[in-house]
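Participant: Here you go, one structure.
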Amino acid sequence: MTRLLIVGPQGSGKGTQGVRIAQAFGIPAISTGDVFRAAVADGSPLGKQVKAVIDAGSLVSDELTGAVVRERLSQQDAADGFLLDGYPRNIAQVGNLDEFLEGRQESLDAVIELDVPRDESIARLTRRAAEQGRADDTEEVIANRLAIYERETAPILEVYRTRGLLDRIDGVGSLDEITARIIAALEARGLVRAATV
Ligand code: AMP
């Protein structure tokens, strides 16, 4: 029963680390960005609804995102825990998640913040743009996404810090080093790993 969030700016490596940590704790990694991208790729009604917003690097509405998350967390594999990557993204979404979890008499165990300097994030995103050609990895869209992170998402960290849930992790280093730092922080909270990575 491990319920985690991973938060960090675009280019912080939260997607990669989220998958590794979820595997270590035997829980599904749920990325709202991945859900939206898959919907766009499928051309589903959800995909059609969110494509323009995602391509611009803006945020999908709290209402729609909340519905997607509630539906995903209601699936059987998330009954015993989950790692959410990319949700919540603003204070309103924190409230929506609180309400959903309270309704299930559940609560979060920890919130991992991946701390990466702005220059390093931009360098990583620019590299990924060249490698993967994501529509939301152009220079202008990258700047928009980082500005949104600083304005909308960074404030949620203070909320979780006040609740004693925040583990701030240095996100610069090798993949293995960063994974080990996160696992050490979670184990220091008494959370128990399901497998070795
Ligand atoms: P990510 O891969 O987490 O950077 O997400 C890619 C894009 O999906 C974002 O730029 C947003 O357009 C959208 N998205 C992902 N998560 C959320 C969220 N929690 N709230 C609103 N939009 C989101």
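Participant: How many nm is it between the label spots at residue 126 and residue 56, if each spot is 7 Å from the Cα in line with the beta carbon?
Facilitator: 2.6 nm
Participant: In the neighborhood of residue 81, defined by Cβ-to-Cβ distances under 13 Å, what is the net charge if each Lys or Arg adds +1 and each Asp or Glu adds -1?
Facilitator: Result for the local shell: -1.
Participant: DSSP loop (so not H, G, I, E, B), at most 16 other Cβ within 10 Å: list which chymotrypsin sites (Phe, Trp or Tyr not before Pro) in segment 90-197 pass both filters.
Facilitator: Listed in order of number, the matching sites amount to none.
Participant: Over segment 69-197, what relative contact order in percent results from Cα pairs under 8 Å that are six or more residues apart?
Facilitator: Averaging sequence separation for qualifying contacts and normalising by length gives 30 percent for segment 69-197.
Participant: While we're here: With charges only on Cβ, +1 for K and R and -1 for D and E, what is the dipole size of the chain about its Cα centre, in debye, rounded to 20?
Facilitator: Dipole about the Cα centre, nearest 20: 160 debye.
Participant: How big is Rg to Rh over the chain, alpha-carbon atoms, Rh as the Kirkwood inverse-mean-distance radius?
Facilitator: We get a ratio of 0.94 for the chain.
Participant: Ranked by Cβ crowding within 10 angstrom, fewest neighbours first, how are 172, 68, 7 ordered?
Facilitator: Fewest to most other Cβ atoms nearby, the residues stand as 172, 68, 7.
Participant: Continuing with this model, one more query. Say the dipole of the chain comes from +1 at the beta carbon of Lys and Arg and -1 at that of Asp and Glu; which of 13, 75, 36 then lies farthest toward its positive end?
Facilitator: The residue sitting most towards the positive pole is 75.
Participant: Further question: Would segment 94-168 count as rounded, prolate or oblate if I go by the C-alpha gyration tensor, calling it rounded below 1.5 in a/c and otherwise prolate when a/b exceeds b/c, oblate otherwise?
Facilitator: prolate
Bear in mind these aren't lab numbers, they're just calculated from the coordinates by the rules spelled out. Here the structure is a predicted model, which means the values were calculated and not measured. Neighbour counts are summed over all protein chains in view; Cβ atoms, including those assigned to glycine, are modelled from backbone coordinates with ideal geometry.
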